Amino acid sequence: MPLYLIIEKSVLVLFLFAVTMGVAAYSTWAERKIAAFLQDRLGPNRAGVFGLLQPLADGVKMFMKEEFIPSNAEKLLFIAGPGLFMFTALMTGAVIPWGPNLQIADLNIGILYVLGFVSVGVYGIMIGGWASNNKYSLFGAIRASSQMISYELAMGLVVIAIIMLTGSLDLKAIAEQQKGFNWNIIYQPFGFLIYCITALAECNRAPFDLPECETELIGGFHTEYSSMKLGFYLFAEYINMFISAAVIATLYLGGYNMPGLDYSAMNPIVGNAIAFVVLFTKTLLGVFVFIWVRWTLPRFRYDQLMHLGWKILIPLAILNMLLTGAGVLIFG
Amino acid sequence: MQKLTNRSKVVSQKDMSFLEKAYVPAILSGMGITLKHFFKKKSTVAYPEQERSFSPVYRGRHVLKRDDKGAERCTACGLCAVACPAEAITMTAAERQKGEESLYREEKYAAVYEINMLRCIFCGLCEEACPKEAIFLTPNITPAYYDRQDFVYGKDMLVEGIAPEDRVDVSKRQFWRDNLESTQKNP
Ligand code: SF4
Ligand code: SF4
């Protein structure tokens with residue numbers, strides 16, 4: 001690998017890492033602010049203007065908390081859990097094309113890579129919950145893994161429909177094909193809906209936040225965690241949310257494309273910058289919807305969750321796949 | 001049967017239609033409702049900067065009144081402490097010495113008078129029990145402190161000042177109490 005490529009990629013990695021972290025930090029702020037606004041309150045407004053320093057204050061608080069490991073916990077795994085969760089959350093972002101040339105790794109199986117890392121993500125929860133040696137944590141971990149497995153199926157099936165349309169597993173190619181207003185959501189409205197629902201479930205967001213559910217499991221898999229280990233779990237969930245909003249935007253909402261913008265005619269630097277801003281805006285809108293849903297809908301019951309996943313979403317996803325296949329055969 | 005409110009609805013248990021079963025329209029309309037609240041005027045009162053107005057009979061922090069000449073009215077009879085359901089009041093009585101007539105109205109006075117604001121439930125029974133019109137609840141708010149000890153208010157916090165501008169006006173409460181019956185009949 002030539003040196004300039006290594007430097008370019010390292011800069012990109014650092015930049016996207018910083019952006020992801022920044023967005024995750026400010027998602028916690030946005031979550032509280034939007035929740036407050038939806039409930040006719042003001043939300044955090046004491047730390048800085050509009051409470052903008054709140055994430056910083058939260059971070060300091062997390063660091064100052066006592067680092068506590070239960071005496072019956074499996075120490076090594078207890079520590080590894082949050083780290084693994086954070087790691088997988090961050091790794092997923094590597095294949096998202098932020099612009100025509102703004103992609104850390106242009107894998108030709110990008111979407112498979114995303115699905116793969118999302119599935120590995122459950123290990124972080126599973127290990128953390130099991131190692132805590134606490135029944136609430138174990139329940140949270142069991143719920144998380146069964147929920148993820150159930151919803152990954154439907155997710156994979158709707159992604160197959162996208163792959164049939166584009167003929168590629170490469171996220172960059174998928175994004176390129178949606179040039180102008182040729183967005184996949186137009187051809188795959190149902191797929192989009194199902195993907196969004198499964199994405200909510202994969203991120204453990206309400207109404208699918210059964211692994212955590214404060215009211216039943218007092219925090220679920222992270223009941224026993226404190227200090228920055230807890231911080232890692234909470235933070236990684238916001239990263240997951242950000243990344244999955246970015247994946248949704250790439251798969252269905254045209255990626256970095258916007259009607260009226262032709263990047264090939266532009267100066268590469270300007271083009272990439274504009275492309276980044278476009279996808280970033282779409283992603284933030286997605287994050288807003290995630291938060292909005294959380295503060296609107298109540299949590300599912302566990303059997304309802306399984307019913308929705310296995311008996312409704314998977315058949316619908318298969319139907320969607322068959323119809324897309326037929327459509328591709330007839331019109332394609 | 002007479003309806004209690006005009007908001008009652010007749011519920012039915014008929015099967016849901018397909019659209020209702022799909023839930024998506026209902027979810028979208030629910031999200032519309034929450035979005036409407038997003039742009040609504042917020043009902044928060046940002047407390048230390050803004051204060052909401054209280055009713056004239058609001059029961060807040062206590063005051064120990066002085067009489068017109070500036071002598072403390074309390075005679076340390078202890079009736080307030082007995083009446084207090086939260087046992088928030090403690091006091092030590094002392095005898096008035098010669099020359100202290102301008103300080104204390106009665107021959108016996110409270111050398112120490114403490115109310116624990118963490119125990120107090122602001123019920124106002126102390127005020128009702130007092131035979132000397134000495135203790136009143138005011139619309140003032142007890143602030144928050146970092147230390148528990150700070151919530152125990154001694155005489156320095158409770159007794160009103162002598163100067164006219166330091167006096168605490170309790171006429172509204174007094175009026176309300178004295179006209180309790182008539183106010184209850186036609187509020
Ligand atoms: S207001 Fe009620 S609780 Fe408070 S000191 Fe008076 S009697 Fe006790
Ligand atoms: S405040 Fe009133 S009731 Fe309480 S000790 Fe003084 S005089 Fe008696």
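A few points about this structure:
- Rounded, prolate or oblate (a/c below 1.5 giving rounded, otherwise prolate when a/b exceeds b/c) for the stretch B:89-183 by Cα gyration tensor: oblate
- Cross-link reach list, aspartates and glutamates versus B:Lys40, counting only Cα pairs under 17 Å and skipping chain neighbours closer than eight places: A:Asp40
- Computed over protein heavy atoms with a 1.4 angstrom probe, the accessible surface ordering of B:Glu133, B:Glu101, largest first, is B:Glu101, B:Glu133.
- Straight-line reach from B:Lys155: taking Cα to Cα under 18 Å and skipping same-chain neighbours fewer than 8 places apart, the lysines in range are B:Lys65, B:Lys108, B:Lys132.
- Taking every residue in A:292-305 and counting other chain Cβ atoms within 10 Å of its Cβ, the average works out to 2.
- Within the accessible surface of the stretch B:28-76, defined with a 1.4 Å probe on protein heavy atoms only, the carbon and sulfur portion equals 56 percent.
- Restricting the stretch B:1-92 to GluC sites (Glu not before Pro) in coil, as DSSP defines it, with at most 13 other Cβ within 10 Å: B:Glu49, B:Glu51, B:Glu87
- Once you reduce the stretch B:1-63 and the stretch A:14-35 to the center of their Cα atoms, the two points are 30 Å from each other.
- With all protein chains modelled, accessible area of B:Asp147 [1.4 Å, Å²]: 90
- Taking Cα centre as origin and charging only the Cβ of basic (Lys, Arg, +1) and acidic (Asp, Glu, -1) residues, the dipole magnitude of the stretch B:62-185 rounds to 200 debye.
- Solvent exposure, largest accessible area first (probe 1.4 Å, DNA, RNA and ligands not counted), of B:Val112, A:Val118: B:Val112, A:Val118
- Highest to lowest packing among A:233-243, A:270-280, scored as the average C-beta count within 10 Å: A:233-243, A:270-280
- Estimated buried accessible area (total), pair A and B, 1.4 Å, Å² to nearest 100: 1400
- C-alpha long axis of helix A:75-91 to longest principal axis of chain A, angle in °: 20
- Cα centroid separation - the stretch A:117-176 against the stretch A:237-260, whole Å: 17
- Average accessible area per residue (Å²) across the protein assembly as shown - probe 1.4 Å, nucleic acids and ligands excluded: 56
- Other protein chain Cβ atoms within 10 Å, averaged over every residue that makes up B:28-41: 4
- With Cα atoms defining each centre, the stretch A:185-210 and the stretch A:265-332 are spaced 6 Å apart in the structure.
- Between 0 and 90°, nearest 10: helix A:3-38 axis offset from chain A longest Cα axis: 60
- Shape category assigned to the protein assembly as shown from the gyration tensor of Cα positions, a/c cut at 1.5: prolate
- Accessible heavy-atom area order of A:Trp295, A:Trp98, A:Trp29, A:Trp130, highest first, probe of 1.4 Å: A:Trp130, A:Trp295, A:Trp29, A:Trp98
- Residue of A:Arg301, A:Arg205, A:Arg143 that the Gaussian network model of chain A assigns the largest fluctuation, springs spanning Cα pairs under 10 Å: A:Arg301
- Shape category assigned to the stretch A:10-158 from the gyration tensor of Cα positions, a/c cut at 1.5: oblate
- The accessible area of B:Leu118, taken with all protein chains in place and a 1.4 Å probe, comes to roughly 90 Å².
- Most mobile of B:Lys41, B:Lys132, B:Lys69 in a GNM of chain B (Cα contacts under 10 Å): B:Lys41
- Under-17-angstrom lysine pairs by C-alpha in the stretch A:3-331, whenever the two are 8 or more apart or on separate chains: 7
- Residue-averaged 222 nm ellipticity for the protein assembly as shown, from DSSP H runs of 4+ at -39500 (n - 2.57), nearest 500: -16500 deg cm²/dmol
- Judged by a Cβ-Cβ distance under 4.7 Å, the unpaired cysteines of chain B are B:Cys74, B:Cys77, B:Cys84, B:Cys120, B:Cys123, B:Cys130.
- Between helix A:54-64 and chain A there is an angle of about 50 degrees, using the helix long axis and the longest principal axis of the Cα atoms.
The values are calculated or read from the model by the stated rules, or taken from the named source; none is laboratory data. Because the structure is a prediction, the values reported are computed rather than measured. So basically every Cβ, Gly included, is an ideal-geometry build from the backbone, and we count neighbours across all protein chains shown. To get the accessible areas, we keep the full protein, side chains included, count just its heavy atoms, and leave off ligands, DNA and RNA. Shrake-Rupley method; radii C 1.70, N 1.55, O 1.52, S 1.80 Å.
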